[in-house]
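Okay, so here's the structure we're looking at.
The values are calculated or read from the model by the stated rules, or taken from the named source; none is laboratory data. Just so it is clear, the model here is predicted, and its values are computed rather than measured. Counting neighbours? That spans all protein chains shown, and the Cβs are built from the backbone with ideal geometry, glycine included.
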Amino acid sequence: MPRPIRAAIQPEALAHNLRVIAARLPGRTLMPVVKANAYGHGLARVIGGLQAADQLAILELDGALELRRLGWTKPIVLLEGCFGEEDMQAARHAGLDWVIHDHAQLEALRVAMPNWPKEAHKPRLYLKLNTGMNRLGFDAQGAAAAIELLDKITTSAGWPAPVLMTHFANADSHDLMRAHPGPEGQFNALMALKPAHWASSLANSAGVFNCPQWAGDVVRPGIAVYGATPGPHSAADYGLLPAMALTSQIIAVQQVPAGQRVGYGSRWLAQRDSRIAVIACGYADGYPRHAPDGTPVWLQGTMAPVAGRVSMDMMSIDITEIPSAGVGTEVELWGNNLSVDVVAHHCGTIGYELLCAVTPRVPFVVM
Ligand SMILES: *Cc1c(COP(=O)(O)O)cnc(C)c1O
């Protein structure tokens with residue numbers, strides 16, 4: 001028997017989550033984000049569940065090319081644009097669209113234009129504005145001139161009208177009106193600059209659920225597609241279903257007398273005579289090493305707490321109160337019964353990080 005850990009991907013959950021998102025924003029262009037190998041789920045494993053999407057967004061050029069090999073014929077957008085001339089030629093050959101977030105990228109396009117074959121792919125370009133997040137994009141000073149130049153380039157080449165995009169910094173806030181920058185202000189800043197014949201693109205997952213009125217025409221949900229929450233509410237509250245279940249089994253049970261300790265650094269102390277289950281899952285599988293004692297693991301319809309430091313290949317939980325559990329019992333580290341967001345919260349991080357961190361040694365299956 002192989003080591004019992006596995007990550008199960010459920011394309012039907014992805015398709016369900018897309019329907020939930022589409023219902024929030026009818027009539028928009030739905031562009032799920034599949035960067036970071038589809039948030040750790042695997043491009044090849046999610047593509048079947050994303051067939052209802054209008055287009056896909058990704059960062060990595062090699063990932064975009066893989067999507068083409070996998071048969072995705074609809075638009076693909078490179079979210080950080082082309083890293084140089086070579087990327088742009090590759091994007092042209094693969095029929096990709098891309099973001100332009102700074103003057104160097106815009107200038108590279110201007111230089112490449114005269115040699116762009118007439119019959120070649122006509123990309124739809126996304127000009128990115130910095131409206132207060134101060135990460136990527138043209139700032140207020142440079143934006144107007146960049147918009148004008150890109151409009152001239154695309155009009156003269158007969159390319160599709162570009163999309164003006166920006167990224168919400170605080171759409172997951174409990175108090176959207178008091179957030180700085182808030183999504184309304186970012187939306188207004190974008191609309192003030194947007195040429196009438198250009199489309200807009202603003203919303204990430206949090207924007208879709210918390211402020212759809214400022215989402216724009218092309219929506220870019222990531223985490224919600226995979227059934228985890230962007231915040232501030234739970235994924236279940238948003239009607240989302242988890243697309244990944246990380247499961248394993250108990251491979252050993254220790255009777256630990258009161259006063260003894262468990263694991264590296266002897267962090268966990270048995271306050272009573274305890275049954276400690278050892279699970280085949282560790283940080284080399286992507287489970288966070290910094291999970292504190294008390295982080296829940298699901299088994300047999302209930303939860304058991306992490307007991308002791310997570311090691312490379314194993315972790316321990318306290319099953320004193322679950323006498324029916326023993327070697328061979330199935331456990332869920334996160335999935336349908338235990339939200340990845342809950343585990344992440346215990347670990348001081350977000351579900352995104354845990355989903356992206358499942359390592360290559362974990363066997364994946366598509367359900
Ligand atoms: C990652 C990303 C998204 C998706 O964000 P989520 O919070 O996962 O929905 C949207 N837009 C851009 C530009 C991104 O980089």
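Listed by first and then second residue, the pairs with beta-carbon distance under 8 Å, at least 6 apart or on different chains, first residue in segment 221-237 and within 8 Å of the ligand (Cβ to nearest atom) and at pLDDT 95 or above, second part of a loop (DSSP other than H, G, I, E, B) and among the acidic types (Asp, Glu), are Pro230/Asp172.
Suppose the filter is more than 19 Å from Leu190 (Cβ to Cβ) and either in contact with a strand residue (DSSP E or B) (Cβ under 9 Å, 6 or more places away or on another chain) or among the charged types (D, E, K, R) (or both); does Lys128 pass it? Taking the combined requirement at face value, the residue does not satisfy it.
For the residues Leu164, Leu149, the requirement of being in contact with a strand residue (DSSP E or B) (Cβ under 6 Å, 6 or more places away or on another chain) and either touching a residue at least 12 places away in the same chain (Cβ under 8 Å) or within 16 Å of the ligand (Cβ to nearest atom) (or both) singles out Leu164.
Evaluation of Ile76 against the conditions (1) at pLDDT below 95; (2) in contact with a strand residue (DSSP E or B) (Cβ under 9 Å, 6 or more places away or on another chain) shows that the sole unmet condition is (1). Across segment 3-48, the qualifying residues are those that are charged (D, E, K, R) and over 12 Å from the mean Cα position of the chain (by Cα), and the one among them that is farthest from the ligand (Cβ to nearest atom) is Arg3.
The conditions of being assigned to a helix (DSSP H, G or I), surrounded by fewer than 18 Cβ atoms within 10 Å (Cβ to Cβ) and either within 22 Å of the chain's Cα centre (by Cα) or not β-branched (Val, Ile, Thr) (or both) are not met by Asp175.
One line per residue, one yes/no per condition, for (1) within 16 Å of the ligand (Cβ to nearest atom); (2) exposed (fewer than 15 other Cβ atoms within 10 Å of the Cβ); (3) of a type in the set (Asp, Glu); (4) more than 30 Å from Ala15 (Cα to Cα):
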{"residue": "Ser324", "(1), (2), (3), (4)": "no, yes, no, yes"}
{"residue": "Val327", "(1), (2), (3), (4)": "no, yes, no, yes"}
{"residue": "Glu330", "(1), (2), (3), (4)": "no, yes, yes, no"}
{"residue": "Val343", "(1), (2), (3), (4)": "no, no, no, no"}
{"residue": "Pro360", "(1), (2), (3), (4)": "no, yes, no, no"}
